[in-house]
Amino acid sequence: MNIHIILQGKGGVGKSVIAAMIAQYKESKGQTPICVDTDPVNATFAGYRSLNVKRIQIMEDEEIKPRNFDLLIELIANAQDDVVIDNGASSFVALSHYLITQQVPALVKSMGHELLVHTVITGGQAQLDTINGFQQLARQFPIDALFCVWLNPFWGKIEHDGKGFEEMRAYQDHQARVSGLVRIPTLREDTFGQDFGDMLQARLTFAEAIAMPDKPIMVRQRLKMVQKELFESMASTKVL
């Protein structure tokens, strides 16, 4: 059983989208993952009603209380299936510090589970920030934690000096820590991209959106195609 936790210090780069995709992928395989949202500000993941996302309140009197993360460990200890945990940029430092200093990866392993840290790299203006975030996580987390890197080209191609992510020094330095790479498809904005974006905005799963009889036939067709491409990339990682 895997404990999937999404961590990236940069806000607005698609962390909640990744959490929702992991949960849906698991459901497509006949599993019933436990879904948790710890974002104290923008609980986007919790908006997916069909995923039955539990929200853990980690903030009291406008301060993050690290002890409240203990509830995550209790959930993990009693879980019978994979756990998917979404975390916001505002609590990134607090949760990362908690996981590292309290040796949670080793604890999770002693329970017979694997901690899989998912992080996202984007193109565009946030590329450098997200790459630096990945490097910091890879350096700070112990070897007990595995990594899955998601490449999100929504804001532009992920490249530097003509090199793709896998050719970059940041990846090559930490390649041994990366157990999987998931490529989010590049979607044409006026067709596939718009349909996918509308689905995310409505907090609908692929299954819900595709099953809606009032959606135009071609919208449902494009969503099926996006789901297939994304799920195939996820399957290729072998850790999902």
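Bear in mind these aren't lab numbers, they're just calculated from the coordinates by the rules spelled out. Small disclaimer: the values here were computed from a predicted structure and weren't measured. No Cβ is skipped: glycine too gets one built from the backbone with ideal geometry, and neighbour counts run over all protein chains shown.
Per-structure values
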item: Volume of the Cα convex hull of the chain, divided per residue and given in Å³; result: 123
item: Total lysine pairs whose alpha carbons fall under 15 Å of each other in the chain (8 or more apart, or interchain); result: 5
item: In the stretch 12-92, the GluC sites (Glu not before Pro) that fall in loop regions by DSSP, at most 13 other Cβ within 10 Å; result: 62
item: About the Cα centre, charge dipole magnitude for the stretch 2-187 (Lys/Arg +1, Asp/Glu -1 at Cβ), debye; result: 340
item: The stretch 129-203-the stretch 1-60 distance, computed between alpha-carbon centres (Å); result: 17
item: Inter-label distance, nm, simple model (7 Å from Cα along the C-beta direction), residue 93/residue 166; result: 3.6
item: The chain, helix-only ellipticity at 222 nm - DSSP H runs n ≥ 4, -39,500 (n - 2.57), divided by all residues, nearest 500; result: -11000 deg cm²/dmol
item: Selection from 186, 158, 33 lying farthest towards where the dipole of the chain points positive, charges on Cβ; result: 186
item: Simple label model, 7 Å out from Cα along Cβ direction - residue 201 to residue 218, nm; result: 1.9
item: Highest-first arrangement of 131-143, 205-217, where packing means the average Cβ count within 10 Å; result: 131-143, 205-217
item: Percent antiparallel among DSSP beta bridges (both partners in the chain, rounded to 5); result: 10
item: Dipole magnitude (debye, nearest 20) for the stretch 1-52, charges at Cβ of Lys, Arg, Asp, Glu; result: 100
